[in-house]
């Protein structure tokens, strides 16, 4: 995610909500854009599928599982009881309780074809091999 | 079907709030936004009502495509009877507020009556209420948004608000949303102020759905690719609308010093290139670009002022970045007042957003004041010691602030140029049509634009028609009536769709039709939409006639009809309105007196 | 022949204002092509301050020392 390229258009939020809910509803998007300083800075942010995975660690029912291939932490909704422990534990605020479903929502990388990436007009959000991104990670999961 | 099928009716006199079903027949006949809002206005008020009185109605209207995945899906319109012109006002804005209103579950918000004490309206999905605005009455636009979000502990609230200018009835006060987007023209902010309505804050989590999601996504994706591939549109992303200034200069249609001239020697100090130029100390006016909701073009400018500039050197509160110069703001604070100080122009632009004022009307009003000052009609005694001379940057920045806060001579400037010039006995110096000030295209150089200005339903407005191409190619008035009329009808369609007109460089009627058809129920074809556009135009005209306007108001100032352009491509020319107007009335199906005939009204379902 | 070329608007992306050399007897259309400016991106061309209609771009000849202004189309806003 490259804030310098983000214009705050919110097409990522529109696409994410559509992919997961079938309607255009940024309020239900798993990716959010934060604007600062009268629009000088716009920062798209979502779950980075972090190695620490505090959400997974605190979940009392084991509802959060790792997808080995994608490296994504996924919520198994059938096991989620909506206790919100994960929402409290996540230091980034990227797993959120959904009052309509009674469960939590988070980024699931859309099964390997992130819709936010497709929708982004400037390339501020990109999905690539970690080796190409210049980021070093400790996890074995490769995008 | 992307309508929520629900509108909100707020009566400020009784403090009642009601949700009503959206009139689907009207949505079908008038598309949405501008057209739908006009119909609701027509059916809910008497066009003879006093604009600043309780019987005026104020409408916030979204379009069918607002809030969808279509590119530029953030538009909405504010409609009312204008206190500046006495005609219909339909002011379009972007940002995020419009989409949020739709997400909250409302296609349109209709406000009537007048509150006894200042209030603001809070809409959080189905939870809607009026709150006392005592603590924010007198606060700026920027302070108000901050305060409301904190008060309700909701940083996601999108706020459309007025500043002191709107509260105090500045005739061209604006409604500003999302800090630096605005429903800018015709004084819609003053109407809001007259109702004691400070702000409308909305947060929506209902979402918007369409009839055929798969088809809709395919169509809108394809349309986004078209936009991304269009070179002219990419130019907008990179340079913003101010890229037009040097074109207008070279062409010779850049109104300068209250339209006395059509070229400005200092243009290259305030144009798009100047915004990108890097100074010796590394300062650059432009910081970045920004987008409205859903927009993949991102023409918005974010700028900052040089830290040593006289306007902000001792004012820390303005050291931050904010909305930068659009073409119209640059013209109104640059050429038309003879100023070439980009920091002064940018600072004045900040003040316009902070206080909620239309920069076009302010700049042209100031230009008239400068001409009167240079003639010796206005003296420094009245202007609190400031010399209102063309080229005086301090005059611009000090007066912008005084007008925003309604202090001193700002109270005179707040009348708008028509009332101000009448007050001093020089009405011919007011560069307006129907009382609304011109945008930055001189009618002597662009003849068809002049016709559009003269016949525009909201007064001098550059956004309701587009004859640029034919005007550049042919500098006479011949053959301009047809493209003017056709573009007026089509523009009404775009203004009613929920999408932004800046897509029109890449999208033709077919592209709009495809998107609307995939979004809404019923068959939407180019023909049906064009006819709706014509219907909308005629309904606006009917409103104006009922309000008391006549064909005598379809005219231009003497300066443009009698004083030839002194330089440029159109040197020696005056606007040929006499040649174009009769043909225009004929094409419209109106009488020689500019009234829609019974035949025309019947054909359009209006009579 | 030497030409003084000026462009406006977003056309700066195609050509920076400067003096340029083109073959003698070039037409306006040929000049645009030589400068790398796509014709669909051109609003109006003027030579020595006089507008040159679209229809005659192919026939209007340029001379040494001419100043050529290539204007972007206007879009409104």
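Structural remarks
- Residue check, residue B:311 closer than 20 Å to residue B:356 by Cα, in a helix (DSSP H, G or I) and either in contact with a helix residue (DSSP H, G or I) (Cβ under 9 Å, 6 or more places away or on another chain) or facing chain A (nearest Cβ under 8 Å) (or both): no
- Scanning the stretch B:561-581 for residues that are part of a helix (DSSP H, G or I) and either over 26 Å from the mean Cα position of the chain (by Cα) or crowded, with 18+ Cβ neighbours inside 10 Å (or both) turns up B:562, B:577, B:578, B:579, B:580, B:581.
- Within the stretch A:93-116, tally of residues that are within 20 Å of residue A:127 (Cα to Cα) and surrounded by fewer than 18 Cβ atoms within 10 Å (Cβ to Cβ): 3
- Residue B:277 meets the stated requirement of being within 14 Å of chain C (Cβ to nearest Cβ) and more than 30 Å from residue B:443 (Cα to Cα).
- Within the stretch A:62-99, the residues that satisfy the criterion of being free of Cβ contacts under 8 Å to residues at least 24 places away in the same chain and closer than 15 Å to residue A:20 by Cα are A:76, A:97.
- Residue match in the stretch B:216-225 (condition: within 14 Å of chain C (Cβ to nearest Cβ), in contact (Cβ under 8 Å) with a residue 24 or more places away in the chain and either under 20 Å from the mean Cα position of the chain (by Cα) or over 30 Å from residue B:138 (Cα atoms) (or both)): no
- Of all residues in the stretch A:18-30, those that are surrounded by 24 or more Cβ atoms within 10 Å (Cβ to Cβ) and at the interface with chain B (Cβ under 7 Å from one of its Cβ atoms) total 2.
- Within the stretch C:63-71, the presence of a residue that is within 11 Å of chain B (Cβ to nearest Cβ), in a loop (DSSP other than H, G, I, E, B) and under 27 Å from residue B:442 (Cα atoms) is excluded.
- Any hit, the stretch A:79-92, residues being surrounded by fewer than 18 Cβ atoms within 10 Å (Cβ to Cβ), closer than 14 Å to residue A:50 by Cβ and within 12 Å of the chain's Cα centre (by Cα): yes
- So residue B:291, is it under 28 Å from residue B:250 (Cα atoms), modelled with pLDDT of 95 or more, buried (at least 20 other Cβ atoms within 10 Å of the Cβ) and within 13 Å of another protein chain (Cβ to nearest Cβ): no
- Options B:530, B:525; residue that is surrounded by fewer than 17 Cβ atoms within 10 Å (Cβ to Cβ), within 30 Å of residue B:221 (Cα to Cα) and in contact with a helix residue (DSSP H, G or I) (Cβ under 7 Å, 6 or more places away or on another chain): B:525
- Criterion applied to B:387, B:354, B:401 was being away from every other protein chain (no Cβ under 14 Å) and within 22 Å of the chain's Cα centre (by Cα), and the one residue passing it is B:401.
- Matching option when the condition is within 24 Å of the chain's Cα centre (by Cα), under 13 Å from residue B:580 (Cβ atoms), within 14 Å of chain C (Cβ to nearest Cβ) and at pLDDT 95 or above, among B:471, B:495: B:471
- Residue B:484 fulfils the conditions (1) in contact (Cβ under 8 Å) with a residue 40 or more places away in the chain; (2) farther than 24 Å from residue B:550 by Cβ except for a single criterion, (2).
- Checked against (1) within 12 Å of chain B (Cβ to nearest Cβ); (2) buried (at least 19 other Cβ atoms within 10 Å of the Cβ), residue C:49 passes all but a single condition, namely (2).
- The stretch C:1-32, subset more than 14 Å from chain B (Cβ to nearest Cβ) and under 25 Å from residue B:237 (Cα atoms), residue surrounded by the fewest Cβ atoms within 10 Å (Cβ to Cβ): C:18
- Matching strands (runs of 3 or more DSSP E) fully within the stretch B:23-125 where at least 3 residues are outside the structural domain of residue B:546 (by TED's automatic domain parsing) and in contact with a helix residue (DSSP H, G or I) (Cβ under 6 Å, 6 or more places away or on another chain): B:58-62, B:76-81, B:88-93
- Between B:14, B:29, B:46, B:55, the distinction of being in contact with a strand residue (DSSP E or B) (Cβ under 9 Å, 6 or more places away or on another chain) and surrounded by fewer than 24 Cβ atoms within 10 Å (Cβ to Cβ) belongs to B:55 only.
- Top-ranked residue of the stretch A:31-54 - restricted to ones that are crowded, with 20+ Cβ neighbours inside 10 Å and within 14 Å of chain B (Cβ to nearest Cβ), ranked as nearest to residue B:205 (Cα to Cα): A:33
- Among residues of the stretch B:141-154 being touching a strand residue (DSSP E or B) at 6+ places or on another chain (Cβ under 9 Å) and in a loop (DSSP other than H, G, I, E, B), the one that is nearest to residue B:117 (Cα to Cα) is B:152.
- Of the candidates B:171, B:75, the single residue that is at pLDDT 95 or above and either surrounded by fewer than 24 Cβ atoms within 10 Å (Cβ to Cβ) or more than 21 Å from residue B:203 (Cα to Cα) (or both) is B:171.
The values are calculated or read from the model by the stated rules, or taken from the named source; none is laboratory data. Predicted model only: the values in this text are computed from it and were never measured. Methodologically, a virtual Cβ is constructed for each residue, glycine included, from the backbone with ideal geometry; neighbour enumeration extends over all protein chains shown.
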